[in-house]
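**Student:** Provided herewith is a single structure, encoded as structure tokens, for subsequent inquiry.
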Amino acid sequence: MILNNVKIYQPNGKFDKEEVYHLHMKNGVFSSIHKGLSREKGSHVIDGEGKTVVAGFTDSHMHLLRFGMLKNELDLTQVTSWKEMKQEVEAYYPEIEEADWIFGKGFNDGTFTDIDHLLTAEDLDEINVNKYMYFMHQDGHECVISKKLLERLEQEEDFYKEPEVFKERDDQGNLTGRFKDTAVHYINYHLWERSVEHSKESLSAAIPYLLENGITTVHTDDRSFVGSYQSLWSAYTSLEEEGSLPIEAYLHHYIFNQKDLDEFIESFHKRTGEGTDRVKVGAIKIFLDGTQRLHTAAMRQPYPDSPDMTGYLIYDQDQLNRMVQTAATNGMQVAVHALGDRAVQSAITAFEQSEARTKKLRHRIIHAQTLGEDLLERMEELGVYIETQPSFLIEEWNQKSQWTPEDIVPYCDAFGSMLKHNIPITLSSDAPIGYLDPIVSIFGAVNRMDTNHQPSGGWMPSEKISVEEAFSGFGTVPSELEWNEDVKGKIAEGFQADFVLLNQHPSEISTSNLMQLHVQSTWIKGKEVYSRTF
């Protein structure tokens, strides 16, 4: 097959933006690339109509199953009041008395104006007093459950091992039914396990959105939404066997503790990078702290708007060190959720162990939203990868100073500083929490402003990165995390023909107009899997 009459955009590459090219594809790879138009004729020659070829996007941090569940289950992301939320629940479950579970995702009661508090189990009685009910907050870090489910949860012996700080209690010391961070993950995993078929249906609902946005590979953390890693593996590989999984997927294994890790190592014998043609084992995911919004991200200094709070580390240093050692010794890459600077410091310390083999295994820190010069210097020496989410900055830039001590505000989402310190970064969505569209993340990283172009000039503009660096964060850098930098993430001979056609060449428009870029078609292994129809 020949893709004719296209421009090529390759970050830091040698393709001339004024030239047109034609690309030969064979057996799913680029067999050759040539300047000018092809002279060949026939059905095997596809006219690219002068559009621009870029490498397919790899989203290195997302929750694909959860994203699909939002498409397949009750989606509360648009409700603006408690009254409206109840109406949505009743419309989705018209026969509530016949439903065993009432379940919904995406609510944000912090914006509700018809109640003067955040939802609790007491409020859910207004829907039904005798049902298992579970509602997840928009950012995935909070949930509220019904009294009946709370009674069941209190019978779970292991739940009492979850940090008390993530369990909300009233003035009498009773659980209110509202939980945060790892307590949420515990409830997902232990009390709400979906079947493999249900998971397949949700993944099938999500995949078209990936293709529409040019995403050809995902690194995804789904385990807590399906119960067991084996069930997760079965859902993805079953879709692949049915010919219904066009993308490649690296499946992370979220662990709760050392025992959980040991059981995985013993029971599942594939290791990071191993698997089928399209489904591979990803990293061991360790959730080390929370989020700044809830003041559960572990900070080295108090929160400016809550001087008595510094967040919380879920594991002490010895526990984290041991888990990293166990994973690395058994050939597993590690991805640590560390958002606050104290959590980042702890992750760095664990990765600095000789047993961690960080440069060989290419461990990652997810988020690293608050840093310091000392942490940047240590990360540069260490060789750890950082997974950033620029779309969070788009939403939160005007709240950063409330959450962050003044002297480290310049180190918030410090994309530019990380690159200056030669720290490899990926751009990712954390969908469904952040924007799925990679163009939105690229715009945010390059401009450091929201989609309304605020603040003027960008927030902390010294931390802006170039368009080339932003595209690399969705291409060459995540390919390195897969040890695939010699076969994926570039438009080059011998590389996998995963690519998108954009309506414009990224270097021919101003950075402020990057949102005008659109995916016209998506190709995976030389096969077109999406085409824009309008």
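The values are calculated or read from the model by the stated rules, or taken from the named source; none is laboratory data. Just so it is clear, the structure is predicted and the values come from calculations on it, not from any experiment. Quick reminder, even Gly has a Cβ in these numbers, built from the backbone with ideal geometry, and neighbours come from all protein chains shown. Side chains included, ligands, DNA and RNA excluded: accessible areas come from the protein's heavy atoms. Shrake-Rupley method; radii C 1.70, N 1.55, O 1.52, S 1.80 Å.
**Student:** Residue 58 is checked against (1) open to solvent by less than 30 Å² (accessible area, probe 1.4 Å); (2) more than 30 Å from residue 426 (Cβ to Cβ) and fails just one. What number does that condition carry?
**Tutor:** Answer for residue 58: the failing condition is (2).
**Student:** A further question on this structure: Would you pick out the residues in segment 348-381 that are without any contact (Cβ under 8 Å) to a residue 60 or more places away in the chain, open to solvent by less than 30 Å² (accessible area, probe 1.4 Å), under 18 Å from residue 421 (Cα atoms) and out of contact with any Phe, Trp or Tyr (no Cβ under 6 Å at 6 or more places or on another chain)?
**Tutor:** 348, 351, 365, 367, 368, 375, 376, 379
**Student:** Out of segment 31-42, which residues are out of contact with any Leu (no Cβ under 6 Å at 6 or more places or on another chain) and touching a residue at least 24 places away in the same chain (Cβ under 8 Å)?
**Tutor:** Of the residues in segment 31-42, the ones out of contact with any Leu (no Cβ under 6 Å at 6 or more places or on another chain) are 31-32, 34-42.
31, 32, 37, 38, 40, listed by residue number.
**Student:** Those residues that are of a type in the set (Phe, Trp, Tyr) and at pLDDT below 95, I need them from segment 304-321; list them, please.
**Tutor:** First, the residues of segment 304-321 that are of a type in the set (Phe, Trp, Tyr): 312, 315.
Hit for segment 304-321 is 312, nothing else.
**Student:** If you don't mind, there's one more thing I want to ask. Name the single residue, out of those in segment 432-458 being under 19 Å from residue 518 (Cα atoms) and aliphatic (A, V, I, L, M), that is surrounded by the fewest Cβ atoms within 10 Å (Cβ to Cβ). Break it down stepwise before answering.
**Tutor:** Of segment 432-458, the ones under 19 Å from residue 518 (Cα atoms) are 434-447, 450-453.
From the residues that got through so far, the ones that are aliphatic (A, V, I, L, M) too are 436, 439-440, 442, 445-446.
On the way: 436: 21, 439: 21, 440: 19, 442: 26, 445: 29, 446: 23.
Residue satisfying both the conditions and the ranking: 440.
**Student:** Go through segment 229-254 and report how many residues are more than 26 Å from residue 473 (Cα to Cα) and in contact (Cβ under 8 Å) with a residue 24 or more places away in the chain.
**Tutor:** Within segment 229-254, the first condition is being more than 26 Å from residue 473 (Cα to Cα), and the residues that meet it are 229-235, 237-244.
In the following step, the residues that additionally are in contact (Cβ under 8 Å) with a residue 24 or more places away in the chain were identified as 229-235, 237-240, 244.
Qualifying residue count for the region: 12.
**Student:** Quick one: is residue 260 outside the structural domain of residue 166 (by the TED database) and in a helix (DSSP H, G or I)? I'd like the intermediate steps shown before the answer.
**Tutor:** Values: outside the structural domain of residue 166 (by the TED database): yes; in a helix (DSSP H, G or I): yes.
The answer is yes for residue 260.
**Student:** Return yes or no: is residue 456 free of Cβ contacts under 8 Å to residues at least 24 places away in the same chain and either in a loop (DSSP other than H, G, I, E, B) or touching a helix residue (DSSP H, G or I) at 6+ places or on another chain (Cβ under 6 Å) (or both)?
**Tutor:** Values: free of Cβ contacts under 8 Å to residues at least 24 places away in the same chain: yes; either in a loop (DSSP other than H, G, I, E, B) or touching a helix residue (DSSP H, G or I) at 6+ places or on another chain (Cβ under 6 Å) (or both): yes.
In short, yes.
**Student:** Of these, 384, 344, 334, which one is open to solvent by less than 10 Å² (accessible area, probe 1.4 Å), aliphatic (A, V, I, L, M) and farther than 19 Å from residue 300 by Cβ? Step through it out loud before you land on a result.
**Tutor:** Values: 384 fails: farther than 19 Å from residue 300 by Cβ; 344 fails: farther than 19 Å from residue 300 by Cβ.
It is 334.
**Student:** Within the set of pairs 6+ apart or on separate chains, which have a first residue in segment 99-120 that is in a loop (DSSP other than H, G, I, E, B), a second that is of a type in the set (Asp, Glu) and modelled with pLDDT of 90 or more, and C-beta atoms under 8 Å apart?
**Tutor:** Pairs found: 115/109; 115/123; 118/109; 119/109; 120/168.
Here is a yes/no grid of residues against (1) under 18 Å from residue 446 (Cβ atoms); (2) within 24 Å of the chain's Cα centre (by Cα); (3) open to solvent by 40 Å² or more (accessible area, probe 1.4 Å):
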residue	(1), (2), (3)
494	no, no, yes
504	yes, no, yes
507	yes, no, yes
515	yes, yes, yes
522	no, yes, no
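**Student:** For residue 199, all conditions in the list (1) part of a helix (DSSP H, G or I); (2) among the polar types (S, T, N, Q); (3) open to solvent by 70 Å² or more (accessible area, probe 1.4 Å) hold save one; what is the number of the exception?
**Tutor:** (3)
**Student:** If the requirement is being free of Cβ contacts under 8 Å to residues at least 40 places away in the same chain and either within 23 Å of residue 519 (Cβ to Cβ) or not in a strand (DSSP E or B) (or both), which of these qualifies: 49, 19?
**Tutor:** Values: 49 fails: free of Cβ contacts under 8 Å to residues at least 40 places away in the same chain.
It is 19.
**Student:** Also: Scan segment 211-257 for residues that are touching a strand residue (DSSP E or B) at 6+ places or on another chain (Cβ under 8 Å) and part of a helix (DSSP H, G or I) and jot them down.
**Tutor:** Going through segment 211-257, the residues touching a strand residue (DSSP E or B) at 6+ places or on another chain (Cβ under 8 Å) turn out to be 211-224, 229, 232-233, 236-237, 240, 245-255.
211, 212, 223, 224, 229, 232, 233, 236, 237, 240 - these are the residues of segment 211-257 that are touching a strand residue (DSSP E or B) at 6+ places or on another chain (Cβ under 8 Å) and part of a helix (DSSP H, G or I).
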